Amino acid sequence: MNKDKIPYAIEGILFAAGEPVKTAKLAAVLEISMEAVEEAVRLLRYDYDTQERGFMIIDIDEGFQICSRPEYYNYIQAILGEQRRQALSNAAMEALAIIAYRQPITRAQIEYIRGVNSDSAVNRLVERGLIEESGRLDAPGRPVLYKTTQNFLRCFGLSTPKDLPELDFSKLSPEYEQLALKLDEDSEIEGQEIMEETSKE
């Protein structure tokens, strides 16, 4: 393929895919190096930014995705006629934070950290596509493990879960201090506690 056409080929692939495409897969399909893919994406981004185009390319999960720019969201929403989704409840946000920082994690472990039943919060996060099943824990009852999704990364502008910010206790309100302290502890629920908690699954 002509070198000058590589960026446009990548643009077409990302546009048609509608979801993240791995850098390695783009390189294999186009028969070029991963470095050449990254350079082509850099050129596309430069064009989008300097021309103030309506879309951009984001890094996500060791690949790239094309999406619309946030500043044009209201216009896009008006054309598509979509209802604005209801914001997540505090309970769902708490559960999401726990899963993001402790993944993979079981529902019972989430409840252990929150101190309350989390069935509704976890179910809502699954419905929103923010978390998904990630196998089962090797413990009595084989409880389901949960992890965040690519949609979660998109929504929060992250490339990988490793990009999550470190917990800053100084900025937390008193009601969330205990939750943050539990998140900052060792991620494993040890001994009899995990046996009892996972048996609820």
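Assess whether VAL29 counts as being open to solvent by less than 50 Å² (accessible area, probe 1.4 Å) and either over 26 Å from ILE131 (Cα atoms) or in contact with a Phe, Trp or Tyr (Cβ under 7 Å, 6 or more places away or on another chain) (or both).
No; evaluated as a whole, the condition is false for this residue.
Condition check for ILE32 on (1) under 25 Å from the mean Cα position of the chain (by Cα); (2) not in a helix (DSSP H, G or I): one failure, at (1). Within region 1-29, the set of residues being of a type in the set (Lys, Arg) and assigned to a helix (DSSP H, G or I) comprises LYS3, LYS5, LYS25.
Right, GLY81: more than 24 Å from the chain's Cα centre (by Cα), modelled with pLDDT under 90 and not aliphatic (A, V, I, L, M) or not? For GLY81, the condition - more than 24 Å from the chain's Cα centre (by Cα), modelled with pLDDT under 90 and not aliphatic (A, V, I, L, M) - is met.
Among the residues of region 19-37, count how many are of a type in the set (D, E, K, R), over 17 Å from LEU153 (Cβ atoms) and in contact with a strand residue (DSSP E or B) (Cβ under 9 Å, 6 or more places away or on another chain).
1
Could you tell me whether GLY129 is at positive phi and modelled with pLDDT under 85? Against the criterion (at positive phi and modelled with pLDDT under 85), GLY129 does not qualify.
Yes/no per residue for (1) under 28 Å from PHE55 (Cβ atoms); (2) of a type in the set (Gly, Ala, Ser):
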position	(1), (2)
ALA92	no, yes
ILE113	no, no
VAL116	no, no
ASN123	no, no
GLU133	no, no
PRO143	no, no
ASN151	yes, no
CYS155	yes, no
LYS162	yes, no
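Got at least one residue in region 146-161 being modelled with pLDDT of 90 or more and open to solvent by 40 Å² or more (accessible area, probe 1.4 Å)? Within region 146-161 (the criterion being modelled with pLDDT of 90 or more and open to solvent by 40 Å² or more (accessible area, probe 1.4 Å)), the answer is yes, since at least one residue qualifies. In region 42-131, counting only helices (runs of 4 or more DSSP H) that sit wholly within it, the ones holding 3 or more residues that are exposed (fewer than 12 other Cβ atoms within 10 Å of the Cβ) span 73-80.
The values are calculated or read from the model by the stated rules, or taken from the named source; none is laboratory data. A quick note: this is a predicted structure, and the numbers were derived from the prediction, not measured. Glycine also receives a Cβ, built like all others from the backbone with ideal geometry; neighbour counts cover every protein chain displayed. These accessible areas exclude ligands, DNA and RNA; they are computed on the full protein's heavy atoms, side chains included. Shrake-Rupley method; radii C 1.70, N 1.55, O 1.52, S 1.80 Å.
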